[in-house]
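All remarks here apply to the structure that follows.
The values are calculated or read from the model by the stated rules, or taken from the named source; none is laboratory data. Please read these numbers as outputs of a predicted model, since none were measured by experiment. Please note: Cβ atoms are built from the backbone with ideal geometry, for glycine as well, and neighbour counts cover all protein chains shown.
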Amino acid sequence: MLTKHSLPHKQSLTFFDSHYNLEEDVQTVYEKNQIVIGWPEKEERIFAKLSRPNTAAIVGIALGDEGKGRLVDNKIETLLKNKKIKHVVVIRYQGGSNAGHTVEKKGQKLALHLIPSFVFHEQGLGIMDQGMVVHPEDLQTEVSYVEEMVGSLQDRLFLSEDAVLCTDLERAEEVHNRALTDHAKGGTGRGIGPSYAHHYDKSGLRMYDLLNPSWEEILSKRYEQYDKLFSGFGESLSSTNVPDFATTVKSGKATTRKLGDKRTFLKRLEIARFWLLKREIVTNTYLLHRKFFKRAEVAILFEGAQAAGLDSWTGTRPDVTESNTTAHGVRDGTGFWQLHDITERIGILKMPYTSSVGARRMPTHIDLPKKLSDLSSDATPEQKWAAFIRDEAQEYGTTTGRPRDINLLDLPFIGYNCRIAGIESIIGTHLDICQEKDQIKICTHYTNKRGDPVPYQPGLRHLQEVIPQYVVVPGWNGKACQKAKAFDDLPIHAQKFLAFLQLRLGFPITGVTTGPSRSNFLSF
Ligand code: IMP
């Protein structure tokens, strides 16, 4: 059995020597059948005693699209079972409309990008906080799309006046950067990079600049600056094609539009500005935090976007997003809360594989054609497995439908991310995406060409030469997972798989999702 101290001990093993004790751990789970899951008995959670009760952070552990939105939705439901809780406030603290979070209720699916995943709960409220990048027209589009499906969000959705303002100018800048830099090519094109860059170089604007009575002057000046810059590069700002979010949301296809001249640019902003003012959505969220902190009947959820593997400093540089995607990002993204205020810090991990969008190529990448129908008849078993996954789990981007890359589960990468993300437990998703006939390869550690162990390090350049080493474990019946009501009902090989991951990573696995609907969720 796991002892009280064995999990943190395992965490350092994963971090410093990912190959260590491997045979013994395989035997423990797969031969001796010691299947231990969840928090070890009497585990001391010191920080929980110091923190604000009923707070939780939900962050991605690998490369995004793990199903965070859906888990936020599940968590709200769990919190509201406590009759003392009257409201759950969901706070997005970083990222922008580069994110895509899907929530589902009774077969009704909603793709959210900026709006936190509270929309299916009447007792839910949402804050888009200062750490976010917000394009006002995107927000207007998304609010009307969501309100058509779930009714009014009036007085339940708030946007920080300090949020980073993104306009078509930053999007044009991203288009320009892409032409110059290979690294920028995998980006979503939503202007996230340039907007954050101008937060750091202090030249950027905030939501309060748009609401300022002199907004026209401020934004005219900005257009002129960009125009000069583009002319300097021999390019035309007004005829640059920028992503058109509103049309993309309606059509489900990535669409662009010409940025247009200064008048067109200002006119578009004026419409969005008028809407923001009429909605009274922009507010001082710092004061909201102060208020909510003291109210015991209010639960707080921090909804991360993207994932630890995309963090700007500790992710797969250079193909990363530009914010702090971990639980540590809560501090900067709210300007109020800090890590140790948060009672539960949960990392979300897609299993038994990792998907990825972008230009990066991970060591456990499986080559697949863009269209599955192009898969050749002599495809390897691995490629066939990846094709099954892409199809079964519909691994296509939430907004643009881009096919996602499929990678084998990579424990050195995940172990590093678990440690660096400030989490203390894991919830797994997609456990039902598996077949009994599958042989699942798990990358346990890396070696160099000489066979010596090498650690995972953030940054793609460190991954070029590593050779992933694998264990192969049996698959399980995914459909049977969907029917499970408790851990013991899961197919035995799914149980062993979870126990093995817990043992190797050193973080308790405290729940899994076994299908798309709210009820397909098991808590251990
Ligand atoms: P950016 O955030 O648009 O700058 O994109 C930077 C990198 O992060 C690219 O590889 C994107 O594909 C990736 N990325 C950004 N947001 C998400 C997300 O929500 N899920 C998965 N990948 C993302």
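Answer yes if at least one residue in the stretch 321-329 is among the charged types (D, E, K, R), buried (at least 20 other Cβ atoms within 10 Å of the Cβ), farther than 22 Å from ASN74 by Cβ and modelled with pLDDT under 95, and no otherwise.
Checked the stretch 321-329: no residue is among the charged types (D, E, K, R), buried (at least 20 other Cβ atoms within 10 Å of the Cβ), farther than 22 Å from ASN74 by Cβ and modelled with pLDDT under 95.
Would you point out the residue of the stretch 195-214, among those that are under 25 Å from the mean Cα position of the chain (by Cα) and buried (at least 22 other Cβ atoms within 10 Å of the Cβ), that is farthest from the ligand (Cβ to nearest atom)?
MET207
Condition first: part of a helix (DSSP H, G or I) and surrounded by 17 or more Cβ atoms within 10 Å (Cβ to Cβ). Now tell me which residues in the stretch 228-245 satisfy that.
PHE230, PHE245
Quick one: in the stretch 98-119, which of the residues that are modelled with pLDDT of 95 or more and either polar (S, T, N, Q) or more than 15 Å from the ligand (Cβ to nearest atom) (or both) is nearest to CYS166 (Cα to Cα)?
SER117
When ARG257 is evaluated against the numbered criteria (1) of a type in the set (Lys, Arg); (2) farther than 30 Å from LEU63 by Cβ; (3) surrounded by 14 or more Cβ atoms within 10 Å (Cβ to Cβ), which criterion, by number, is the only one it fails?
(2)
Looking only at the stretch 261-275, filter to residues that are more than 30 Å from the chain's Cα centre (by Cα) and in contact (Cβ under 8 Å) with a residue 60 or more places away in the chain; which one of those is surrounded by the fewest Cβ atoms within 10 Å (Cβ to Cβ)? It would help to see each step written out before you state the result.
Initially, the stretch 261-275 is screened for residues more than 30 Å from the chain's Cα centre (by Cα), giving 261-267, 270-271, 274.
Still in the running and in contact (Cβ under 8 Å) with a residue 60 or more places away in the chain: 265, 271.
On the way: PHE265: 23, ILE271: 13.
Among residues in the stretch 261-275 that are more than 30 Å from the chain's Cα centre (by Cα) and in contact (Cβ under 8 Å) with a residue 60 or more places away in the chain, the one surrounded by the fewest Cβ atoms within 10 Å (Cβ to Cβ) is ILE271.
Would you check which residues across the stretch 344-353 are within 15 Å of the ligand (Cβ to nearest atom), closer than 19 Å to THR321 by Cβ and in contact with a helix residue (DSSP H, G or I) (Cβ under 8 Å, 6 or more places away or on another chain) and list them?
ILE348, LEU349
Scan the stretch 282-298 and report the pairs whose first residue is in contact (Cβ under 8 Å) with a residue 12 or more places away in the chain and whose second residue is assigned to a helix (DSSP H, G or I) and surrounded by 18 or more Cβ atoms within 10 Å (Cβ to Cβ), with Cβ atoms within less than 9 Å and a gap of 6+ or a chain change.
VAL282/MET207; VAL282/LEU210; VAL282/LEU276; THR285/THR334; TYR286/THR334; HIS289/THR334; PHE293/ASP341; VAL298/PHE292
Examine the stretch 90-104 for a residue that is farther than 30 Å from ASP405 by Cα and either of a type outside the set (A, V, I, L, M) or surrounded by fewer than 20 Cβ atoms within 10 Å (Cβ to Cβ) (or both), and state whether such a residue exists.
Filtering the stretch 90-104 down to residues farther than 30 Å from ASP405 by Cα leaves none.
No, there is no match, as no residue in the stretch 90-104 is farther than 30 Å from ASP405 by Cα and either of a type outside the set (A, V, I, L, M) or surrounded by fewer than 20 Cβ atoms within 10 Å (Cβ to Cβ) (or both).
Being under 20 Å from HIS113 (Cβ atoms) and surrounded by fewer than 24 Cβ atoms within 10 Å (Cβ to Cβ) is true for just one of ARG295, ARG317, ARG279, ARG361. Which residue is that?
None of the other options fit; the residue is ARG279.
Tell me, yes or no, whether the stretch 121-136 has at least one residue that is within 30 Å of LEU501 (Cα to Cα), touching a Ser or Thr at 6+ places or on another chain (Cβ under 6 Å) and more than 16 Å from the ligand (Cβ to nearest atom).
No, the conditions are met nowhere in the stretch 121-136.
Working only within the stretch 308-322, note down all residues that are of a type in the set (S, T, N, Q) and more than 8 Å from the ligand (Cβ to nearest atom). Before the answer, list the steps.
Step one: of the stretch 308-322, the residues of a type in the set (S, T, N, Q) are 312, 314, 316, 321.
Passing the criteria: SER312, THR314, THR316.
If you take the residues of the stretch 71-97 that are among the charged types (D, E, K, R) and away from the ligand (no atom under 14 Å from the Cβ), which of them is nearest to the chain's Cα centre (by Cα)?
ASP73
With respect to ALA305, determine if the residue is under 27 Å from LEU498 (Cα atoms), in contact with a strand residue (DSSP E or B) (Cβ under 9 Å, 6 or more places away or on another chain), within 16 Å of the ligand (Cβ to nearest atom) and small (Gly, Ala, Ser).
yes
Look through ALA99, ALA62, ALA111, ALA57 and report the one residue that is more than 23 Å from SER312 (Cα to Cα), of a type in the set (Gly, Ala, Ser) and touching a residue at least 12 places away in the same chain (Cβ under 8 Å).
Numbers: ALA99 fails: more than 23 Å from SER312 (Cα to Cα); ALA62 fails: more than 23 Å from SER312 (Cα to Cα); ALA57 fails: more than 23 Å from SER312 (Cα to Cα).
That would be ALA111, the only listed residue that is more than 23 Å from SER312 (Cα to Cα), of a type in the set (Gly, Ala, Ser) and touching a residue at least 12 places away in the same chain (Cβ under 8 Å).
Filter the stretch 44-70 down to residues that are surrounded by 18 or more Cβ atoms within 10 Å (Cβ to Cβ) and either at pLDDT below 90 or of a type in the set (S, T, N, Q) (or both) and give me whichever is nearest to the ligand (Cβ to nearest atom).
THR55
Can you spot a residue in the stretch 349-364 that is of a type in the set (Phe, Trp, Tyr), at pLDDT 95 or above and within 30 Å of GLY475 (Cβ to Cβ)?
Yes, that holds for at least one residue.
Of all residues in the stretch 364-378, which are surrounded by 20 or more Cβ atoms within 10 Å (Cβ to Cβ) and either touching a residue at least 40 places away in the same chain (Cβ under 8 Å) or within 16 Å of the ligand (Cβ to nearest atom) (or both)?
THR364, ILE366
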